[in-house]
Amino acid sequence: MELNKDYSEASIKVLEGLDPVRQRPGMYIGSTDTKGLHHLVFEVIDNSIDEAMAGFCSKISVTLHIDGSITIEDDGRGIPVGNHPVAGKPTVEVVMTTLHSGGKFNSGAYYASGGLHGVGVSVVNALSEFLEVTVRRNGGIYYQKYERGNPVCEFDKIGKTNKSGTKITFKADPQIFETTEFSYETLARRFRELAFLNSGVEIAISDEKDDKSKIFFAEGGIVSYIKYLNKSKGLLIDEPVYIQGKYEDILVEISLLYNDSYNEAIYSFVNNIHTDGGGTHEAGFKTAYTKIFNTFINKHGLL
Ligand code: 0RA
């Protein structure tokens with residue numbers, strides 16, 4: 001058994017299979033109820049958003065099909081279509097059938113839009129009755145299909161194209177989930193939020209069941225978002241305040257608006273995830289904001 005003396009820890013990670021995901025799905029997607037079900041879609045779209053954040057993707061479309069499956073398609077670079085040097089099989093198959101412990105190939109550099117659990121598309125594959133991936137890259141169209149995480153055909157070139165992108169269609173496994181019916185409203189709500197948080201990225205949703213569709217696109221980022229949130233409120237200032245700053249690798253954006261209500265509302269996000277319970281980022285913001293106001297008031301003798 002001394003065939004592979006150079007087996008590093010890294011390569012062992014790459015080769016970890018999907019059985020644990022089907023054995024303990026909750027550990028990977030939180031739950032197997034409707035919330036867990038929707039995490040599957042968010043996990044896939046987070047990969048497309050990563051491509052958008054890296055500057056390679058501007059359009060994402062999501063389609064709910066009549067058979068209960070769903071398609072997420074983007075115009076990003078596409079998953080690399082060559083063979084994986086360590087696994088010795090197509091990289092797409094490696095991405096789809098092995099567990100990754102975070103980030104694309106653990107590079108870390110890619111990992112920006114944290115999925116709700118950041119576990120990767122292989123988890124979605126493991127928990128799907130079937131999943132089909134189509135990649136457009138290097139002039140070719142490539143395809144592979146899986147059932148419950150296992151390939152049912154070879155990864156193959158099926159055509160030519162001058163486009164690039166990734167298309168993933170999957171049907172959640174009823175052996176795993178309490179319900180496998182996707183909610184248009186739940187998905188649309190998250191896509192609206194993602195479109196506001198990733199300005200310039202178009203996210204389209206359509207439902208083949210009842211011919212519903214919507215396109216989310218916000219050129220103005222969080223400024224558009226705060227305007228949207230206040231669209232039925234009486235505003236005390238016309239244009240939102242916008243502040244942007246960077247510290248080491250951390251980019252921070254803040255937008256503020258005053259309306260005629262008595263209630264304060266703070267929406268905070270980290271890596272595209274709504275941090276509902278606040279946190280040090282929110283606490284730090286409030287402290288700084290209060291300090292600035294107090295300094296201003298004292299300086300101008302306003303109290
Ligand atoms: C691995 C590496 C690269 C991109 C992707 C995966 C990728 C995955 C998904 C899933 C849905 N859409 C996706 N788009 C891209 C980087 C490719 C490169 O370096 O060119």
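What to note about this one:
- Residue in the range 149-166 that is in contact with a Pro (Cβ under 6 Å, 6 or more places away or on another chain), assigned to a loop (DSSP other than H, G, I, E, B) and either within 16 Å of the ligand (Cβ to nearest atom) or aromatic (Phe, Trp, Tyr) (or both) present: yes
- For the range 231-241, the count of residues that are touching a strand residue (DSSP E or B) at 6+ places or on another chain (Cβ under 7 Å) and closer than 22 Å to Thr63 by Cα is zero.
- Test: residue in the range 213-225 that is assigned to a strand (DSSP E or B) and farther than 27 Å from Tyr242 by Cα: yes
- Spans of helices (runs of 4 or more DSSP H) in the range 18-108 with at least 2 residues within 13 Å of the ligand (Cβ to nearest atom): 34-53, 91-97
- Residue match in the range 199-210 (condition: under 16 Å from Tyr242 (Cα atoms) and either without any contact (Cβ under 8 Å) to a residue 40 or more places away in the chain or surrounded by fewer than 20 Cβ atoms within 10 Å (Cβ to Cβ) (or both)): yes
- When restricted to residues that are surrounded by 22 or more Cβ atoms within 10 Å (Cβ to Cβ) and under 19 Å from Gly139 (Cα atoms), the range 81-96 contains 2.
Table: residues versus (1) closer than 30 Å to His39 by Cα; (2) assigned to a helix (DSSP H, G or I).
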residue	(1), (2)
Val252	yes, no
Ser255	yes, no
Ser261	no, no
His281	yes, yes
Lys286	no, yes
Ile292	no, yes
Asn298	no, yes
Leu303	no, no
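- Boolean, Asn298 is under 30 Å from Ser48 (Cβ atoms) and out of contact with any strand residue (DSSP E or B) (no Cβ under 9 Å at 6 or more places or on another chain): no
- Against the numbered list (1) under 30 Å from Ser58 (Cβ atoms); (2) of a type in the set (Lys, Arg); (3) surrounded by 11 or more Cβ atoms within 10 Å (Cβ to Cβ), Lys246 comes up short only at (3).
Laboratory data are not the source of any read-out in this text; all were calculated from the coordinates shown. This is a predicted model, so every value here is computed, not measured. Cβ coordinates were reconstructed from backbone atoms using ideal geometry, including for glycine residues, and neighbour counts include every protein chain displayed.
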